[in-house]
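Quick notes on the structure that follows.
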Amino acid sequence: FDMTVRIHGLKSGKTLKEFRGHSSYVNCVTFSPDGHQVLSASSDGTVKVWNTKTTECQNTFKSLGGAAGGDVHINSVHVMPKNMDQIVVCNRTNTVVIMNMQGQIVRSFSSGKREG
């Protein structure tokens, strides 16, 4: 684990692309359905949207649900199968958030259980 997202060649194993910009560990990475973007979830409390071709960061979304305003580690990010303009963001709280690709919250779900 480190702060970099990498794309490797399947046969060669060589690094083909690197995406840099997170300030903590990257926990999850997924491609957009069209393959033009890479989404990454990090312990720095952000989800980043990267341009696959240029490796530039197109957007950064801050974490949600922090108790004292601090960053909440984001464990994973998933593209919604029936609405590919929306993502599911799972962090280390009892809340799961659905966001659009502009970073706006569409819906949130909470378990009602206390953390810990």
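Which one, Val96, Thr46, Ile7, is farthest towards the positive end of the dipole of the chain when Lys and Arg carry +1 and Asp and Glu -1 on their Cβ?
Value computed over the given set: Ile7.
Can you list the residues, at least 5 places off or on another chain, whose amide H is less than 5 Å from the amide H of Asn59, using H built in the peptide plane?
Result for Asn59 returns Val49.
Using a/c under 1.5 as the rounded threshold, could you call the chain rounded, prolate or oblate? The axes a ≥ b ≥ c are square roots of the C-alpha gyration tensor eigenvalues, and prolate needs a/b larger than b/c, oblate otherwise.
Here the chain falls in the prolate category.
What residues have an amide H closer than 5 Å to that of Asn75, excluding those fewer than 5 places away on the same chain, when H is modeled at 1.01 Å from N in the peptide plane?
Excluding prolines and chain starts, which carry no amide H, the hits are Cys90, Asn91, Arg92.
Pairs to check: Lys17/Lys53; Lys53/Lys82; Lys17/Lys48. Give those whose C-alpha atoms are more than 20 Å from each other in this structure.
On the way: Lys17/Lys53 9 Å; Lys53/Lys82 25 Å; Lys17/Lys48 16 Å.
Correct reply: Lys53/Lys82.
Just the accessible area per residue of the chain, please: how many Å² with a 1.4 Å probe?
62 Å²
Give, as a single signed number, the net charge of other residues whose beta carbon lies under 15 Å from the beta carbon of Val38, with Lys and Arg counted +1 and Asp and Glu -1.
Around Val38, the surrounding residues sum to +2.
The values are calculated or read from the model by the stated rules, or taken from the named source; none is laboratory data. These figures come from a predicted structure and were not determined experimentally. Positions of Cβ are backbone-derived with ideal geometry, glycine not excepted, and every protein chain shown enters the neighbour counts. In case anyone asks, the SASA skips ligands and DNA or RNA and just uses the protein heavy atoms, side chains included. Shrake-Rupley method; radii C 1.70, N 1.55, O 1.52, S 1.80 Å.
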